[in-house]
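Peer 1: Shown below is the structure under consideration.
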Amino acid sequence: MSSPLDSDLKFRLLCREERGLLRKLKKNQPIDFSSNDYLGLSRRLNEPRNSPSGSTGSRLLTGHSDYIDSLEETICRFHSAEAGLIFNSGYDANLGLLASLGSEQDTILLDSQIHASMRDGAKLSRSPTYFFRHNDINHLENRLQALRAKCKNHLFVAVESLYSMSGDLAPLKEIVQLCEQYNAYLIVDEAHATGIIGEQGEGLVSHQGLQKRVAIRVHTFGKALGSHGAIVLGSKILRNFLLNHAHSFMYSTALPPASLCSIEDAYRRVPLLTAERTHLRGLIEQIQTLDLPGLLTSETPIQSLLIPGNEAVRKAAQCLQDHGFDVRPILSPTVRSGEEILRICLHAFNTKEELQMLISLLKNHFSGALT
Ligand SMILES: Cc1ncc(COP(=O)(O)O)c(C=O)c1O
């Protein structure tokens, strides 16, 4: 049975169809009088491999192929989703998703630490937008209660499963329950959980068996998957709606074949990287069991140290960089003033010894020995 959201999107698609404006992905014909490959260079840059270097147009024009269709199906199977649409980046996916979904009658509710791409998407939509305090279930419920009473149509809640700055996980089961209780559609950005959370890196939603209870998911390929691009997962109707309404999809040259190959390769490899995920868990335990001042609790590869003040956090990062460790400060206004952090990203290729050295440097820095 389709959801009220699907029925609504279907209606909007039907209106398009009646006006003869429904967009569909089409196969290319052999004699090209359509692509933007004016000099034919996309055919020549990769001559030895005999595959075009560029996609030569938007997916709705010449950038579509059977290959990208079947890649979308492979990714959907991996994440147990009905359908999916690949975007050129996670930023494009979130922007296009919220901007196209949100009408004047809908309402968008965002976690206060949600990524800029979701905020920008909400701004571009025509929906009133509200925030709830980061990962605060009580505040989310208060907001849902108040907004449900005044929202005329769909209520969308958007969260990240693994937050990019603080490294903490969303209390997803509770959020799902509240969304069901208040009849809201949940959108989960799995950018940093993709490849990391779950036995095979399938993400937090699948890992917790919530696939059927989360309306929309966004997985990006530019982080643990080592490539570029993103996919929006949801119903078939949502996919059709997005390819008709999401401007960041419709009006941008599609990903080139080389990117698609690397995404396919990443999805082949990621389920097998069990040893890498186990090693990462070891590093997480190593840093979390130490008494590092300001270290936020996190069971993920993103380990952040709260060092209030742009100057102080810059100094701590510089100290590590002077010793060859690439650690970046996250300054205000990217984060709120007073909540500046030193963002340490752990990787499967980092060794325990490297992490121990990093921790010692930090301890020395805080004790004043290196300042
Ligand atoms: C949570 C989150 N969502 C979306 C994005 C955007 O993804 P991309 O880098 O593929 O544009 C990022 C990137 O930093 C992110 O951290």
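Peer 1: Exactly one condition in (1) modelled with pLDDT of 95 or more; (2) surrounded by fewer than 16 Cβ atoms within 10 Å (Cβ to Cβ); (3) among the hydrophobic types (A, V, I, L, M, F, W, C) is not met by Leu41; state its number.
Peer 2: (1)
Peer 1: Scan Glu299, Glu264, Glu311, Glu285 and give me the residue that is acidic (Asp, Glu) and in contact with a Phe, Trp or Tyr (Cβ under 9 Å, 6 or more places away or on another chain). Give the steps one after another, and end with the answer.
Peer 2: Numbers: Glu299 fails: in contact with a Phe, Trp or Tyr (Cβ under 9 Å, 6 or more places away or on another chain); Glu311 fails: in contact with a Phe, Trp or Tyr (Cβ under 9 Å, 6 or more places away or on another chain); Glu285 fails: in contact with a Phe, Trp or Tyr (Cβ under 9 Å, 6 or more places away or on another chain).
Matching residue, one of Glu299, Glu264, Glu311, Glu285: Glu264.
Peer 1: Next question. Could we say that Glu72 is within 21 Å of Pro4 (Cα to Cα), in contact with a Leu (Cβ under 9 Å, 6 or more places away or on another chain), more than 16 Å from the ligand (Cβ to nearest atom) and in contact (Cβ under 8 Å) with a residue 40 or more places away in the chain here?
Peer 2: Details: within 21 Å of Pro4 (Cα to Cα): no; in contact with a Leu (Cβ under 9 Å, 6 or more places away or on another chain): yes; more than 16 Å from the ligand (Cβ to nearest atom): yes; in contact (Cβ under 8 Å) with a residue 40 or more places away in the chain: yes.
When the stated conditions are applied, Glu72 does not pass them.
Peer 1: If the requirement is being within 16 Å of the ligand (Cβ to nearest atom), in contact (Cβ under 8 Å) with a residue 40 or more places away in the chain, under 17 Å from Ala246 (Cβ atoms) and not in a strand (DSSP E or B), which of these qualifies: Leu85, Leu95?
Peer 2: On the way: Leu85 fails: not in a strand (DSSP E or B).
The unique qualifying residue is Leu95.
Peer 1: Kindly evaluate Ser262 against the criterion of being at pLDDT 95 or above, of a type in the set (S, T, N, Q) and away from the ligand (no atom under 16 Å from the Cβ).
Peer 2: no
Peer 1: On to the next question. Name the single residue that is farthest from Leu186 (Cα to Cα) among those in the range 1-20 being touching a residue at least 60 places away in the same chain (Cβ under 8 Å) and open to solvent by 70 Å² or more (accessible area, probe 1.4 Å). Lay out the reasoning, then the answer.
Peer 2: Of all residues in the range 1-20, those touching a residue at least 60 places away in the same chain (Cβ under 8 Å) come to 2-6, 8-10, 12-13, 16.
Add one more test, that the residue is open to solvent by 70 Å² or more (accessible area, probe 1.4 Å), and what stays is 4, 10.
Working: Pro4: 14, Lys10: 19 Å.
Top of the filtered list is Lys10.
Peer 1: With (1) within 15 Å of the ligand (Cβ to nearest atom); (2) free of Cβ contacts under 8 Å to residues at least 12 places away in the same chain; (3) among the β-branched types (Val, Ile, Thr) as the list, and Thr278 as the residue in question, which single condition is left unmet?
Peer 2: For Thr278, the exception is condition (1).
Peer 1: Is it true that some residue in the range 113-124 is farther than 19 Å from Gly234 by Cα and either more than 16 Å from the ligand (Cβ to nearest atom) or touching a helix residue (DSSP H, G or I) at 6+ places or on another chain (Cβ under 6 Å) (or both)?
Peer 2: Checked against the condition, which is being farther than 19 Å from Gly234 by Cα and either more than 16 Å from the ligand (Cβ to nearest atom) or touching a helix residue (DSSP H, G or I) at 6+ places or on another chain (Cβ under 6 Å) (or both), the range 113-124 yields at least one hit.
The values are calculated or read from the model by the stated rules, or taken from the named source; none is laboratory data. Small disclaimer: the values here were computed from a predicted structure and weren't measured. Reconstructed Cβ throughout: ideal geometry from the backbone, glycine too, with neighbour counts over all protein chains shown. Areas reflect the complete protein model, heavy atoms only, side chains present, ligands, DNA and RNA absent. Shrake-Rupley method; radii C 1.70, N 1.55, O 1.52, S 1.80 Å.
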